1. Taking neighbour counts of Cβ atoms within 10 Å as a proxy for exposure, in what order, fewest first, do VAL108, VAL45 appear?
2. How much net charge surrounds ASP49 when only other residues with a Cβ under 14 Å from its Cβ are counted (Lys, Arg +1; Asp, Glu -1)?
3. Number of Lys pairs in the chain with C-alpha atoms less than 29 angstrom apart, excluding same-chain neighbours closer than eight positions?
4. With a sphere of radius 12 Å drawn around the Cβ of ASP118, what net charge do the other residues whose Cβ falls strictly inside it have (Lys, Arg +1; Asp, Glu -1)?
5. Please sort by residue number the trypsin sites (Lys or Arg not before Pro) in the stretch 1-41 whose DSSP state is loop and whose Cβ has at most 11 other Cβ atoms within 10 Å.
6. How large is the translational diffusion coefficient of the chain in µm² per second when you combine the Kirkwood radius over alpha carbon pairs with Stokes-Einstein at 20 °C and 1.002 mPa s?
7. Round to the nearest 0.05 the FRET efficiency obtained for HIS30 and SER125 when R0 = 30 Å and r is the Cβ-Cβ distance.
8. Calculate the FRET efficiency for SER68 and VAL14 from the Cβ-Cβ distance with a Förster distance of 22 Å, rounded to the nearest 0.05.
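A short reminder: the numbers here are calculations on the coordinates, not readings from a lab. Values in this document were obtained by computation on a predicted structure and should not be read as measured data. Ideal geometry is used to build each Cβ from the backbone, glycine not excepted, and the neighbour counts take in all protein chains shown.
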Amino acid sequence: MINHVIAHFQDGRVLRGQTMDFMPAKDRFHVILAEAGTTAKPVEVMVADLKGVFFVKSLEGNRQRKKSNAYTAEGATLGRKIQVLFKDGEVLNGYTQIYQPGRAGFFVTPADKGSNTDRVYVVASATEEITLPRER
């Protein structure tokens with residue numbers, strides 16, 4: 001399966017493209033860069049260098065859209081609420097089904113239902129704080 005991804009590195013670099021071999025248990029995967037075309041050689045990406053892998057609907061996105069971090073009632077079906085504070089200051093609110101402290105990473109579905117991002121693989125070493133807000 002081909003996934004559109006935006007790989008955010010801990011040093012601020014960003015790669016946009018497609019991947020077919022991302023697996024959470026692996027230490028690397030490959031991205032065919034969007035600007036290089038489908039015949040280009042894939043770039044190897046080391047997961048440990050990343051902040052996260054953002055699986056997106058479109059590589060272009062909508063920069064004009066205002067981001068929301070509000071949790072929704074329907075989001076409860078996506079798992080447990082989670083708030084991720086990355087070392088670079090970005091905050092990601094969403095839902096997770098598999099977060100366990102001590103693991104290398106975990107998936108988050110953004111709370112923002114209108115987001116271009118379907119899910120994010122968060123690299124735990126790139127986080128400052130992870131909070132599991134109480135359910136009400």
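1. On the way: VAL108 26, VAL45 21.
Fewest to most other Cβ atoms nearby, the residues stand as VAL45, VAL108.
2. Values: positive: ARG13, LYS26, ARG28, LYS51, LYS87; negative: ASP11, ASP27, GLU44, ASP88.
With Lys, Arg at +1 and Asp, Glu at -1, the net is +1.
3. 26
4. Details: positive: LYS57, LYS113, ARG119; negative: ASP112.
Around ASP118, the charge tally is +2.
5. Numbers: sites: ARG13, ARG16, LYS26, ARG28; in loops: ARG13, LYS26.
Sites meeting the loop and neighbour criteria: ARG13, LYS26.
6. Working: Rh = 15.4 Å.
In µm²/s, the coefficient rounds to 139.
7. Numbers: r = 21 Å, r/R0 = 0.70.
Between HIS30 and SER125 the formula returns 0.90.
8. That pair, SER68 with VAL14, gives E of 0.55.
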